[in-house]
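Just so you know, all these numbers are worked out from the coordinates, no wet-lab data involved. Quick caveat, the model's predicted, so the values are computed rather than measured. Cβ: placed from backbone, ideal geometry, glycine included. Neighbour counts: every protein chain shown.
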Amino acid sequence: MGGGSIGSLIPAAYLPLFFIVAGYLLGSLPFAIITTRLFGMADPRSYGSGNPGATNVLRSGNKLAAVLTLLGDAVKGWLAVWLAQHFGAEAANPTTIAAVGFAALLGHVFPVFIGFKGGKGVATAAGVFLGFSGLLALACIGVWLAVAVITRYSSLAAICAALAAPLFGWWLLDVPQAVALAGMSLLVIWRHQQNIRNLLAGTESRIGRKKPA
């Protein structure tokens, strides 16, 4: 992992903090709002669940905007980790990489650019997983797909994938990254608390079915 030019510009002692802050700022980029503005659409915070994420953008009926939101949210999580891995020099150790990944997810959930009210973090978490390990990402996507196909609940699939991530992490990754995955899992599940209540009440909307008014 090369240090690149960043390592020569910033003292080694400050590199971990630099990449953690950069990860948070990348995570804070609200692609749901960026995409909908580019398409001349309504702010996703003004309809549906009010969540600035790909699922809520999809409720607008614009599938391309939803896909671009999903990709943007995932790529920013991956990019934060990749930058630290390839340009972090001495900072590119498991502990810093774990902190950067967690910071990216934290930025998405509590984005500084839109008043700290962000999305649920599923796509960004997936991007971070990919940055940590391709096998980890594939395993978690597999869990999501299996649960989604069987139950047709996107939220339940996300919760199950989040629960599985730390278990896969203990097997595939270093301890700091596995610990970060546990924290990320808790954060994603916490952001799905209303979905959990809806699931328990039997009112959660299924994939392919409009959310009840």
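Lysine pairs in the chain 8 or more apart or on different chains: how many have alpha carbons under 22 angstrom apart?
9
Over 15 Å apart: what share of the alpha carbon pairs of the range 102-187 falls there, rounded to a whole percent?
So the pairs more than 15 Å apart make up 55 percent of the total in the range 102-187.
For the residues Y14, Y153, what sequence is obtained by ranking on other C-beta atoms within 10 Å, fewest first?
Ordered from fewest to most neighbouring Cβ atoms within 10 Å, Y14, Y153 come out as Y14, Y153.
Counting each DSSP H run of 4 or more residues in the chain as -39500 (n - 2.57), what helix-only mean residue ellipticity at 222 nm follows after dividing by all residues, to the nearest 500 deg cm²/dmol?
-22000 deg cm²/dmol
Please list log₁₀ I(q)/I(0) at q = 0.08, 0.15, 0.17, 0.18 Å⁻¹ for the chain, using the Debye equation with identical point scatterers on the alpha-carbon positions.
For the chain at q = 0.08, 0.15, 0.17, 0.18 Å⁻¹, log10 I(q)/I(0) is -0.27, -0.92, -1.14, -1.24.
Taking neighbour counts of Cβ atoms within 10 Å as a proxy for exposure, in what order, fewest first, do S185, S60, S155 appear?
S60, S185, S155
Under the definition of Cα pairs under 8 Å and six or more residues apart, what whole-number percent is the relative contact order of the chain? Provide the component values of the computation, followed by the final result.
On the way: 346 pairs, mean separation 45.9, N = 213.
Rounded, it is 22 percent for the chain.
Pick from A103, A164, A146: which residue has the top mean-square fluctuation in a GNM of the chain where Cα pairs under 10 Å get a spring?
Result: A146 has the largest fluctuation of those listed.
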